[in-house]
1. Rounded to the nearest 500 deg cm²/dmol, what is the calculated helix-only ellipticity per residue at 222 nm for the chain, with -39500 (n - 2.57) per DSSP H run of length n ≥ 4?
2. Which shape class, rounded, prolate or oblate, goes with the range 50-130 when its Cα gyration tensor gives a ≥ b ≥ c as root eigenvalues, a/c under 1.5 marks rounded, and past that a/b bigger than b/c marks prolate?
3. So what's the projected area for the range 101-167, the Cα convex hull averaged over all directions, in nm²?
4. Of the peptides 178-186, 108-116, 29-37, 68-76, how do they stack up when ordered by the mean number of other Cβ atoms within 10 Å, highest first?
5. Accessible area per residue for the chain in Å², computed with a 1.4 Å probe and the full protein assembly in place, what is it?
6. Take each uninterrupted DSSP H stretch in the chain, measure its Cα extent along the helix axis, and return the ones at 18 Å or beyond whose mean Kyte-Doolittle hydropathy is at least -1.0.
7. In whole percent, and with a 1.4 Å probe on the protein chains, what portion of the accessible area of the range 75-145 is carbon and sulfur?
8. Does the chain classify as rounded, prolate or oblate by the C-alpha gyration tensor (a ≥ b ≥ c root eigenvalues; a/c under 1.5 gives rounded; else a/b over b/c gives prolate, otherwise oblate)?
Amino acid sequence: MTPAEWSVLQSVALASLLAWASGIRLYLVVFVVGLAGRLGYVDLPPGLDILQHPWVIAAAGFMVFIEFFADKVPWIDSTWDAIHTFIRIPAGALLAAGATGDTVSALTVAAGLLGGTITAGTHFTKAGGRAIINASPEPVSNWAASFTEDAMVLGAIWFAFAHPLFFLAMFACFVLLMIWLLPKLWRGVRALFKPGDRPLVRPESPARS
């Protein structure tokens, strides 16, 4: 593979990573990628130079701290997801576009559109899965899901930079799984909150003396 082909592969992997991870852990991926660029471990494209700014790293790090705890508490995590519907999707689109260039072009616009779509898919998959998990009275499944998401994003960041081709193969598998799983998750969510699905308990009549 020529250096030019490798550069294109890395750009595609980075844009895919940012779009995918933004729907799960937006602040974590911004913090880790920005810090890695700041410390010189990775070379970020010009469109993502802003992620290396100390203020951006500090703000993302603070939000990582807040999200770490908010995401571990049943129903607070779903509220957090609902609020971040309006934050993760546009952020994922902007980050994916920034990974392909620092000026507006057909490529950056296409990357933004595709990136926003991927972010929306991962966000709604996460939110739907968490809503169903929250129906369980015990908190262990919620904690397990949250820690798994943390590990997935950190692992994906490493693979995207160290082994971009392998990451893209796994990314394609996830997209196919998401397309299959997302309708089923949201049918489950609708059934969970649909009125009249719960059996009515009739009050017992008082015993006759």
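1. On the way: 7 runs with 156 residues, N = 209.
For the chain, the value works out to -26000 deg cm²/dmol.
2. Numbers: a/c = 3.73, a/b = 1.43, b/c = 2.61.
Oblate shape, in that a/c is at least 1.5 and b/c is the bigger or equal ratio.
3. Working: hull surface 23.5 nm².
Hull-based average projected area comes out at 5.9 nm².
4. Highest to lowest by the protection proxy: 29-37, 108-116, 68-76, 178-186.
5. Details: 12110 Å² over 209 residues.
Value returned for the chain: 58 Å² of accessible area per residue.
6. Values: long enough: 3-38 (31 Å, 1.24); 54-70 (24 Å, 1.84); 85-98 (20 Å, 1.36); 106-133 (40 Å, 0.90); 140-162 (33 Å, 0.99); 164-193 (41 Å, 1.69).
Both cut-offs are met by 3-38, 54-70, 85-98, 106-133, 140-162, 164-193.
7. Values: 2710 of 3270 Å².
The C+S portion of the solvent-accessible surface of the range 75-145 is 83 percent.
8. Numbers: a/c = 2.74, a/b = 2.18, b/c = 1.25.
Since a/c reaches 1.5 and a/b is larger than b/c, the shape of the chain is classed as prolate.
The values are calculated or read from the model by the stated rules, or taken from the named source; none is laboratory data. The structure displayed is predicted, hence computed values, not measured ones. No Cβ is skipped: glycine too gets one built from the backbone with ideal geometry, and neighbour counts run over all protein chains shown. To get the accessible areas, we keep the full protein, side chains included, count just its heavy atoms, and leave off ligands, DNA and RNA. Shrake-Rupley method; radii C 1.70, N 1.55, O 1.52, S 1.80 Å.
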